[in-house]
Every structure is written in structure tokens, then in C-alpha cells.
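Some notes on the structure that comes next.
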Amino acid sequence: AIYPNDGADYGTLSMCADVAMYRAKAAGRNTFRFFTKEMQDQSERALYLENALRRAIESGQLALHYQPQISLDNNRVIGVEALVRWIHPKLGVVSPSEFIPVAEDCGLILPIGEWVIRTALSQLKQWHRSGVEVLAPLVMAVNISAVQFLRGDFPATVARILAEIGMPPDCLELELTESVALGNPDEAIRLMGVLRAQGVRLSIDDFGTGYSSLSYLKRFHAYKLKIDKSFVRDISRDPDDKAIVEAIIGMARNLGMRTVAEGVETAEQMAFLYDRGCDEAQGYFIAR
Ligand code: MG
Ligand code: MG
């Protein structure tokens, strides 16, 4: 039921077991478990996705969608966030939350991540050429996975792609989550320093949902904090979410960072964010 019936070889059971063991470890279970039917289905699906992903870039199945980010000062579009979509000929739309972990496990996150940065910057260059920057100098925000960030020489890869496309570093904003600092925080902070010195902007994505270590946050020296949509959703009625969003905006301002609220879907949310001094917003209310 998991594979298309196309007669291809989708791998052996021993490879499935490896993936399942990885998943068990990733889930923090430090014990052996029985290899259940459900786990087998999951790992068979992961293996199928891995093989399909190998062909996804060259066969043009990956696409980027761009969600506008506006300044709350003047309601102008000042940037866009590039969001990757995978449309597989048989499976249909595969969610990034499903295929990015698979790509991280098998190393494909590196070529996919490079493709995303290169494609997004080429698009931005086209927009600049066609005069869109007359409205405002657009910045391209690209999501970076922790695995992609920490493997190889990521700052050199970014510099190479910027030079290849011929775009200045300050038109690129890399969205990192707090999880980049999980394994080796000193190395992550060093890499962030190198990127900043190159002139690339850094933002902390999904802020408030991870470990939210304030000592790391101070050392990240990020340009922007992205307030996670789970807090934005109920700001017009939940006093706790109101307090959290206010606190994040105040803290970011005092640390010299801008704030952008994600997942803004109503006029009430926009009004609240504007009122509390949030700098930017994105979400379906503005443009899908
Ligand atoms: Mg993001
Ligand atoms: Mg986000």
C-alpha cells in the first residue's frame, strides 16, 4: 500500500531496520523495541521517499512558494519567505515536515538546501531586475535545517552561491531554529558569527517553541526574532499568549533585534501586533 506498484526495488528489510532504529533513538528511547508493523510501514515509506527524493531535484518536482512579509510601519512588502514544496507524480504533495527529516537522515538535505538558496536568489534577482525593488528593497528569507547548517562548510557554500548568482549578501536572510545550538552550541555560534561577518542576516525561526535559552539567544546576535504562529493564533483572546507575545517583542527590542509575527490570519491579530510594536508580519491575512 505504501509503494506504487511499478516493480522498482525499494530497498531491503535491513535498511528499513536501520531507519527504524534511528527513529527510535531520535524519539529519545534508549531501549530496544519490537519492530512493529507500524514502524515497518513508516520506515518503508521513509525509504521510498528517500529514493524518490534523489530524483526530485533533477526532475523538477521541487518548487518554491514565496510568502510576503510586510513592515507594520507602512504596510509595505519588505521581504518574502521561500517555502519549499515537493509534488511527487504518484504521491502528490509531500509535506516538508515529512520529507525534510528524511532528507536530513540520508544527507540529501545538502543538495536540496543548496537548490533552495540558489533558486530563491535567482528569483529575487529577477524581481530586482524587473523593478519590483522600486517598491522596497526585497529581502529573501530562506529556511535552513540544523543538519544543513552544521554539515560541511555552510558559510562558504552561502558565499559561493551569492557570488554565482551575483547578489549582495544583505539581500539574504537565513532562518535558523534554536535547535542549531543543541549539539555543539559553540560551533553553531561561531558559524553564525562567520555568516554575520559575510553580511548575511540571521533570524531565529519559530521562537518560543524550542529550548528558548536566553543565554544562547544573547550569543546568537540575530537580526530578527520570528514569533511562532502558535502564540499568534490566539493573541486576540488568550491572555497568556498576549503576555508571551508582548514579552518576546519587548525582549527582542531591548536586545536590538527586530520581530516578525508568523501566521497572522485576522485583522484583530494585526491590530494587536501593531499596537504592541511588532516590526513585521506575515501570514494568510496578508498573503498566502
Ligand atoms: Mg521559517
Ligand atoms: Mg516559522
To the nearest 20 debye, the stretch 171-229 has a Cα-centred charge dipole, built from +1 on Lys and Arg Cβ and -1 on Asp and Glu Cβ, of 240
Inter-part gap, Cα centre of the stretch 194-209 to Cα centre of the stretch 212-288, in whole angstrom, is 16
Between LEU83 and LEU255, the two model label points (7 Å from Cα along the beta-carbon direction) sit apart by a distance in nm of 2.6
The size of the Cβ-based charge dipole (Lys, Arg +1; Asp, Glu -1) of the chain about the Cα centre, to the nearest 20 debye, is 340
quick shape note, the stretch 69-184: Cα extents on principal axes in Å, largest first -> 42, 36, 29
Per residue, accessible area of the stretch 35-170 with a 1.4 Å probe, heavy atoms of protein chains only, in Å², comes to 47
Per the rule of 0.36 nm per residue minus the C-alpha distance, extending LEU214 to GLU98 adds in nm 38.8 nm
Count of lysine pairs, the chain, Cα-Cα under 27 Å, sep. 8 or more residues or interchain, comes to 10
Across ALA63, ALA267, ALA103, the residue with the highest GNM fluctuation in the chain (Cα network, 10 Å cutoff) is ALA267
Averaging 1/r across every pair of distinct alpha carbons in the chain and inverting yields a Kirkwood hydrodynamic radius, in angstrom, of 20.6
In the chain the accessible area split gives carbon plus sulfur, as whole percent at 1.4 Å, a share of 53
Expected max-MSF residue from GLN148, GLN123, GLN40 in the GNM of the chain (alpha carbon, under 10 Å) is GLN40
Placing +1 on each Lys and Arg Cβ and -1 on each Asp and Glu Cβ in the chain, then taking the dipole about the Cα centre, the residue among PRO155, ALA141, ILE204 whose Cα reaches farthest towards the positive end is PRO155
A correct Kirkwood calculation over the Cα atoms of the stretch 232-275 returns a hydrodynamic radius in Å of 10.7
Dipole check, the stretch 221-288, charges on Cβ (K,R +1; D,E -1), about Cα centroid: among ILE227, MET257, GLY277 the Cα furthest to the positive pole belongs to MET257
Which of THR119, THR266, THR36 fluctuates most in a GNM of the chain (C-alpha springs under 10 Å)? That residue is THR36
With only helices counted (DSSP H, runs n ≥ 4, each -39500 (n - 2.57)), the per-residue ellipticity at 222 nm for the chain, to the nearest 500, works out to -14500 deg cm²/dmol
antiparallel share of DSSP beta bridges within the chain, to nearest 5, in %, is 40
In debye to the nearest 20, the charge dipole size for the stretch 68-178, taken about the Cα centre with +1 at each Lys and Arg Cβ and -1 at each Asp and Glu Cβ, equals 440
Taking a ≥ b ≥ c as the square roots of the Cα gyration tensor eigenvalues, with a/c under 1.5 meaning rounded and otherwise prolate when a/b beats b/c or oblate if not, the stretch 124-267 comes out oblate
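The values are calculated or read from the model by the stated rules, or taken from the named source; none is laboratory data. Small disclaimer: the values here were computed from a predicted structure and weren't measured. Note: ideal-geometry Cβ built from the backbone for every residue, glycine included; neighbour counts use all protein chains shown. Accessible surface is based on the protein model in full, side chains and every heavy atom, while ligands, DNA and RNA are left aside. Shrake-Rupley method; radii C 1.70, N 1.55, O 1.52, S 1.80 Å.
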